[in-house]
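Notes for the one structure printed next.
The values are calculated or read from the model by the stated rules, or taken from the named source; none is laboratory data. As the structure is a prediction and not an experimental result, all values here were calculated from the model. Heads up, the Cβs are rebuilt from the backbone with ideal geometry, glycines too, and the neighbour counts pull from every protein chain shown.
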Amino acid sequence: MPHKSLAPNARLQALQHALRAAADPANAIPMRAYMLNQFAFLGIRATPRRDAVKQWVRGPFTQEELLWLACALWDLPEREFHYTAVDLLARHHKKLTVEALPGIVALVQRNAWWDSVDGLAGVAGDILLAARSTQPTIQTIADTWLVHENLWVRRLAMLHQLGWKERTDAARLMRYALALGEEKDFFIRKAIGWALRDYARTAPDAVQTFLKENVGRLSGLTLREAGKHL
């Protein structure tokens with residue numbers, strides 16, 4: 001068990017050692033191929049990866065330590081370190097306030113692909129949902145993501161309410177869907193459909209009505225994704 005006062009740099013070294021010790025070069029080849037050879041991999045699947053580092057991600061942490069460690073992990077080339085950073089932030093999201101969001105948005109834009117962005121969207125969503133109880137207008141932060149020049153930040157905006165169920169701001173969700181609806185990028189179109197499909201589990205009639213009323217403003221991909229379970 002790591003000592004509770006273990007310095008972030010020492011914890012970083014421990015995480016590196018644990019993951020490199022678990023590396024499987026044979027697994028790295030198909031994992032890299034699945035991600036279109038964009039990233040290096042150690043070859044560690046999700047469950048053994050989490051098992052390898054579980055004692056080092058328990059904390060305790062301050063917000064500053066969490067963000068520092070996540071950024072330091074992101075500086076390493078292999079994708080498993082990025083996944084560990086996402087897991088770390090997600091595990092300790094209750095320690096994160098809205099002041100952490102600029103750092104998370106910065107991570108979204110580094111070594112960006114759907115796998116890292118979607119994990120970070122969950123963290124950002126947890127932060128915003130927790131803050132909304134005392135700051136009812138806090139989601140306007142996501143409005144700035146919606147018009148960001150970086151497409152992955154726009155995807156973050158679209159996905160940040162995943163899993164909110166009845167707490168979803170439906171008007172904002174649908175406004176975002178229409179704002180991004182004319183974009184040609186596959187990952188944006190997919191995100192719109194995914195977000196609507198997720199909310200359809202809570203409010204199927206509302207989503208079905210929205211889709212029918214906006215057939216001409218949403219791509220075929222979005223409509224198919226959104227309507228899968230309707």
Given the residues Val57, Val53, Val117, which is the only one that is within 15 Å of the chain's Cα centre (by Cα) and buried (at least 18 other Cβ atoms within 10 Å of the Cβ)?
Val117
In the set Arg197, Arg224, Arg189, the lone residue that is surrounded by fewer than 15 Cβ atoms within 10 Å (Cβ to Cβ), at pLDDT 95 or above and outside any loop (DSSP other than H, G, I, E, B) is Arg224
Looking at (1) touching a residue at least 24 places away in the same chain (Cβ under 8 Å); (2) assigned to a helix (DSSP H, G or I); (3) farther than 25 Å from Gln135 by Cβ, which is the one condition that is false for Ala85?
(1)
When the stretch 15-31 is examined, which residues are found to be within 24 Å of Leu66 (Cβ to Cβ) and either in a helix (DSSP H, G or I) or at pLDDT below 95 (or both)?
Leu15, Gln16, His17, Ala18, Leu19, Arg20, Ala21
Failed item in (1) in contact (Cβ under 8 Å) with a residue 40 or more places away in the chain; (2) at negative phi, with Asn111 passing the rest:
(2)
Which one of Ala33, Ala131, Ala90 is small (Gly, Ala, Ser), surrounded by fewer than 20 Cβ atoms within 10 Å (Cβ to Cβ), under 30 Å from Leu173 (Cα atoms) and more than 16 Å from the chain's Cα centre (by Cα)?
Ala131
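The rows are residues; the columns are (1) closer than 25 Å to Leu36 by Cα; (2) assigned to a helix (DSSP H, G or I); (3) at pLDDT below 95.
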| site | (1), (2), (3) |
| --- | --- |
| Lys94 | no, yes, no |
| Glu99 | no, yes, no |
| Asn111 | yes, no, no |
| Asp115 | yes, yes, no |
| Asp118 | yes, yes, no |
| Leu129 | no, yes, no |
| Thr137 | no, no, no |
| Ala157 | yes, yes, no |
Within the stretch 23-32, can one find any residue that is in contact with a Pro (Cβ under 6 Å, 6 or more places away or on another chain) and not assigned by TED's automatic domain parsing to the domain that holds Ile127?
no
What number of residues within the stretch 165-208 satisfy the criterion of being of a type in the set (Phe, Trp, Tyr) and under 20 Å from Val105 (Cα atoms)?
2
Search the stretch 32-82 for residues being assigned to a helix (DSSP H, G or I) and touching a strand residue (DSSP E or B) at 6+ places or on another chain (Cβ under 9 Å), and hand back the single one that is nearest to Gln16 (Cα to Cα).
Arg79
Testing Thr137 on (1) surrounded by fewer than 19 Cβ atoms within 10 Å (Cβ to Cβ); (2) within 18 Å of Asp185 (Cβ to Cβ), one condition comes back false. Which one is that?
(2)
Of the residues in the stretch 36-50, how many are surrounded by fewer than 17 Cβ atoms within 10 Å (Cβ to Cβ) and free of Cβ contacts under 8 Å to residues at least 60 places away in the same chain?
8
